Amino acid sequence: MKVSIFGAGYVGLGFAACLAEAGHEVLCADTDPARIEGLQRGLMPLHEPGLEALVVAGLAAGTLRFTAGERDACLHGDVLFIVVNTPADAEGRVDLRHVIAVAAGIGRHRDREAVVVCKSTAPVGTAAQVEAVLNGELSRRGVAHRIAVAVNPEFLREGSAVRDCRQPDRVVIGSEDPWAVDLLTRLYAPFVHDPRQVLVMDRRSAELSKYAANAMLATRISFMNEMARVAEHAGADIEMVRRGIGADRRIGPDFLQAGVGYGGSCLAKDVRALTHAAERDGHVLRILSAVEATNHAQKGRLFDLMVHHFEGRIAGKTIAVWGLAFKPDTDDMRDAPSLVLLERLRAAGARVRAYDPAAMPNARSLVGDRDDVRWCATAQEALSGADVLALVTEWPEFRRPDFARIAKELRTPAIFDGRNLYDAAEAEAAGIAYYGIGRGRSSLLR
């Protein structure tokens, strides 16, 4: 099947590469000529495990091509996916300009029937707007091509996007048009092994499903971070609590890790957008307002623990920071908790020695070159000359550190574990003060 994908970002690029691997003829378009030029040579604009090999293989096989030409993409596919960025401001208002621009372009150039699919995360009712724009452009041209607009929200996770695309737990198709449903079902056939994984519904329900899913995940994270505060005051270990409730089949173990809060391009943005949309319609989502407030406060938790540890005298201290990306296996710095930590350390007069396996260029472009931040080439270099260590992102290379070596490198050995990655007793046995989230010495705080 011929497929056009508008948008070569984290979602669009991974989706395009996986469809090409499955044998579809994919043309991926983007408005950034430099990005397209690099992709045509197999150069990745982002870090995603397994993606580079897929892109290179698709280019070699001829099943994957890239273009900066709007018209070429509009004419190529039988199915055209809109997978462009939909940023939201601090109030949750979603910017749909990129989505509408793609829809208008399809309306201007399309010369035959097509299924247009909204895959970008967008507010309820966006598909109807896309349909109106398409029909308006076709009417101006005096043509009446059959265009069906469907919704197919993405549920790919950064860091595991390739696996999630190859092995989806569900495929949501929002359409009441049998032709569109049939076409999308056949498109996804290589990835779906059980027909029950394909969930067909109306467009508005499909749009809301994406927001509701991310809101639920964000709620679980913030709930556990609230419980971590309770554990700190009760002298309990939140990791033991997590195991206790995660074993309940009604709850399950996923997204129950306490930490320094969620980041990335999805959860925070989608919670704000859903809250804003509800308020616009006269509804107050009290739970989600609390979820967002808890997450905002949690991003400052490591700094609060450091202030307690140093008895308020944090100015002049040097902090080694391991991990900058909002999660491992990505270089995405959007809404990353590390940015809050770096800013609070700067404001308090502390210095930072930072290291991340993949996100250093993106972090440096956001933070800038400053006297108070040293960008280190290795985790070991970050420790050199530091007073204490803060773990912010749980990259695999940080999972089994040499605590004896860390104790020797740090001037006043202490670890502030923002992901509860380490065993508190093992760190303390090496002479390192250990602060976790809802465990370790943090449980002694009142």
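Observations on the model:
- Residues of region 350-407 that are in a helix (DSSP H, G or I) and either of a type in the set (S, T, N, Q) or under 12 Å from Gly323 (Cα atoms) (or both): Met360, Asn362, Ala363, Ser365, Ala379, Gln380, Ala382, Pro396, Glu397, Phe398.
- From Gly235, Gly244, residue being open to solvent by 40 Å² or more (accessible area, probe 1.4 Å) and either at pLDDT below 95 or basic (Lys, Arg) (or both): Gly235
- Restricting Leu345, Leu366 to those that are aliphatic (A, V, I, L, M), open to solvent by less than 30 Å² (accessible area, probe 1.4 Å) and either at pLDDT below 95 or over 24 Å from Arg399 (Cα atoms) (or both) reduces the list to Leu345.
- So His283, is it assigned to a helix (DSSP H, G or I) and within 30 Å of Asp95 (Cβ to Cβ): no
- Given (1) in contact with a strand residue (DSSP E or B) (Cβ under 8 Å, 6 or more places away or on another chain); (2) open to solvent by less than 20 Å² (accessible area, probe 1.4 Å), number of the condition Leu59 does not satisfy: (2)
- Selected residue (criterion: nearest to Gly263 (Cα to Cα)) from residues of region 306-342 that are open to solvent by less than 10 Å² (accessible area, probe 1.4 Å) and in a helix (DSSP H, G or I): Pro337
- Inside region 247-280, residues that are within 28 Å of Met333 (Cα to Cα) and loosely packed, with under 12 Cβ neighbours inside 10 Å make up a count of 1.
Yes or no, residue by residue, for (1) among the acidic types (Asp, Glu); (2) out of contact with any helix residue (DSSP H, G or I) (no Cβ under 7 Å at 6 or more places or on another chain); (3) without any contact (Cβ under 8 Å) to a residue 60 or more places away in the chain:
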site: Gly264; (1), (2), (3): no, yes, no
site: His296; (1), (2), (3): no, yes, yes
site: Val307; (1), (2), (3): no, yes, yes
site: Gly323; (1), (2), (3): no, no, no
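- Any pair with Cβ under 6 angstrom, 6 or more apart, that starts in region 7-27 at a residue that is part of a strand (DSSP E or B) and ends at one that is among the hydrophobic types (A, V, I, L, M, F, W, C): Val26/Val3; Val26/Ala16; Val26/Leu19; Val26/Ala20; Val26/Leu64; Leu27/Ala73
The values are calculated or read from the model by the stated rules, or taken from the named source; none is laboratory data. Being a predicted model, the structure only gives us computed values, none of them experimental. Glycine also receives a Cβ, built like all others from the backbone with ideal geometry; neighbour counts cover every protein chain displayed. Surface areas here come from the heavy atoms of the whole protein model, side chains and all, with no ligands, DNA or RNA. Shrake-Rupley method; radii C 1.70, N 1.55, O 1.52, S 1.80 Å.
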